[in-house]
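Contents: one structure, followed by commentary.
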Amino acid sequence: MPNILADKKIVLGVTGSIACYKAVDLASKLKQAGALVEVILTESAQQFLSPLSFNSITHQPVVTSLFDTNSEAGINHVALARRADIVVVAPATANTIAKIANGQADDALGTTVLATEAPIMVCPAMDGNMYESPATQANIATLKERGIHLAGPEVGHLASGQTGIGRLIEPQQIASHIRLILGRNGDLAGKKIVVSAGGTRESLDPVREITNRSSGKMGYAIAEAALDRGASVVLVSTPTNLSSPVGATVVLVKDAADMYQAIITESKDADGLVMAAAVADWQPVASSGQKAKKSNKKTWAIELTQTPDIIASVSTKGLIKVGFAAETESVLQNAEAKIKSKNLDIVVANDVSSEQIGFGSDNNEVTIIDRLGRVEETGLLSKYDIAWQILDRTLEFMKAT
Ligand code: C5P
């Protein structure tokens, strides 16, 4: 199964912010995803957490000093820096950020950051005033100038009891940033992929709409997999409960007409378009500006008109088009017909009549059919794994054009 974090060597530098408890969760998430996580604790971080908290999760020695001759860092002070695929400092205090900006190497973390040739990511966490102080801002600017990645902080509740900027971003978000950095030279690097997701909502009046059961999960999984492979991703989505994939440009739309505009615009310079959205085929002829009143009428006949077919309208020039065919019957025949009628390269067909797969589920089972007549059944897989397979085929067509 594709896994961008598998066997990646991640050095996690943890500094003395109260937010360092989140680093334990981060280490756990990275380890569970298959990464080799080596933790360096600064002296102040050791006031908050013991090395054992990390050691029990990572199953690796935790570096606490440059001068411990029993540890690898004491014998070879740049060993971690050399083997790292990425060095992540999370949480990063104002003090550590200042030290990195000045190139100080008076502890194991400073030495590693200075010596590594791997990408470095710093996730600040501190009081709002400390973060906004000219000194910290200048230090952060220096880090950025040197190509160090910054992720966060966010606005939220701070340890001081106040609400403001300075909160460490969530471990899940940090993990997503790590994936983005590690994947940036992947096989889709330099390609722009537009993905649509979610179900469109066609207004009848200001409070009522016609929609469908699409959760958006398949489209979001495609966006995530494309980001993991280095693509630049524009995700055109209706509002969903899902969090925006880190690194994607998200364009929020409501109805089929909005989605049409966004897709046509974004596809102009794109290499691939994957229409995973469940776009309404019909929209009300008229949408009332006021809430329709309950009257004495026993019935309400709503007149619908066809929406423009978005994927069929997009030019195929230099663009690989992938459509979905959510069917409840004659899945294959309908999918093959769609390739011709919409001028597609690939159709992903699934039977949405099953509860285990399709709408709302984390898994799916699809048949990937292409314009060369190849038919491939994926079997039951996670939507992310299916996304990977769809992108494999998309990339193949991109290379051939
Ligand atoms: O024709 P049908 O709606 O079954 O086709 C589904 C495929 O076409 C999906 O990829 C969907 O996103 C796309 N579609 C579209 N514009 C529409 C309706 C569907 O691009 N108006």
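Results, tabulated for the structure shown:
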{"read-out": "Within segment 305-401, strands (runs of 3 or more DSSP E) holding 2 or more residues that are under 18 Å from Val274 (Cβ atoms) and assigned by TED's automatic domain parsing to the domain that holds Glu224", "value": "320-327, 346-351, 367-370"}
{"read-out": "Set Glu38, Glu43: member being surrounded by fewer than 16 Cβ atoms within 10 Å (Cβ to Cβ) and within 18 Å of Val113 (Cα to Cα)", "value": "Glu43"}
{"read-out": "Residue satisfying all of: in segment 87-112; in a loop (DSSP other than H, G, I, E, B) and of a type in the set (S, T, N, Q); nearest to Asn129 (Cα to Cα) among these", "value": "Thr93"}
{"read-out": "3 or more residues under 23 Å from Ile169 (Cα atoms): qualifying helices (runs of 4 or more DSSP H) within segment 1-79", "value": "21-32, 43-48, 51-58"}
{"read-out": "Residue match in segment 255-274 (condition: in a helix (DSSP H, G or I), of a type in the set (D, E, K, R) and more than 21 Å from Ile390 (Cα to Cα))", "value": "yes"}
{"read-out": "Among residues of segment 131-142, those that are within 20 Å of Gln104 (Cα to Cα) and either in contact with a helix residue (DSSP H, G or I) (Cβ under 6 Å, 6 or more places away or on another chain) or among the polar types (S, T, N, Q) (or both), counted", "value": "4"}
{"read-out": "Within segment 375-396, considering residues that are out of contact with any strand residue (DSSP E or B) (no Cβ under 8 Å at 6 or more places or on another chain) and not aliphatic (A, V, I, L, M), the one most open to solvent (accessible area, probe 1.4 Å)", "value": "Glu396"}
{"read-out": "Among the candidates Leu344, Leu319, residue that is in contact with a Lys or Arg (Cβ under 7 Å, 6 or more places away or on another chain) and either open to solvent by less than 60 Å² (accessible area, probe 1.4 Å) or of a type in the set (D, E, K, R) (or both)", "value": "Leu344"}
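Residue-by-condition table, conditions (1) open to solvent by 30 Å² or more (accessible area, probe 1.4 Å); (2) among the hydroxyl-bearing types (Ser, Thr, Tyr); (3) assigned by TED's automatic domain parsing to the domain that holds Lys31; (4) in contact with a helix residue (DSSP H, G or I) (Cβ under 8 Å, 6 or more places away or on another chain):
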{"position": "Ala81", "(1), (2), (3), (4)": "no, no, yes, yes"}
{"position": "Ala84", "(1), (2), (3), (4)": "no, no, yes, yes"}
{"position": "Thr93", "(1), (2), (3), (4)": "no, yes, yes, yes"}
{"position": "Asp106", "(1), (2), (3), (4)": "yes, no, yes, yes"}
{"position": "Thr116", "(1), (2), (3), (4)": "no, yes, yes, yes"}
{"position": "Ala125", "(1), (2), (3), (4)": "no, no, yes, yes"}
{"position": "Gly128", "(1), (2), (3), (4)": "no, no, yes, no"}
{"position": "Gly166", "(1), (2), (3), (4)": "no, no, yes, yes"}
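The values are calculated or read from the model by the stated rules, or taken from the named source; none is laboratory data. Predicted, not measured: the structure shown is a model, and the values here were computed from it. Methodologically, a virtual Cβ is constructed for each residue, glycine included, from the backbone with ideal geometry; neighbour enumeration extends over all protein chains shown. The accessibility values were calculated without ligands, DNA or RNA, using every heavy atom of the protein model including side chains. Shrake-Rupley method; radii C 1.70, N 1.55, O 1.52, S 1.80 Å.
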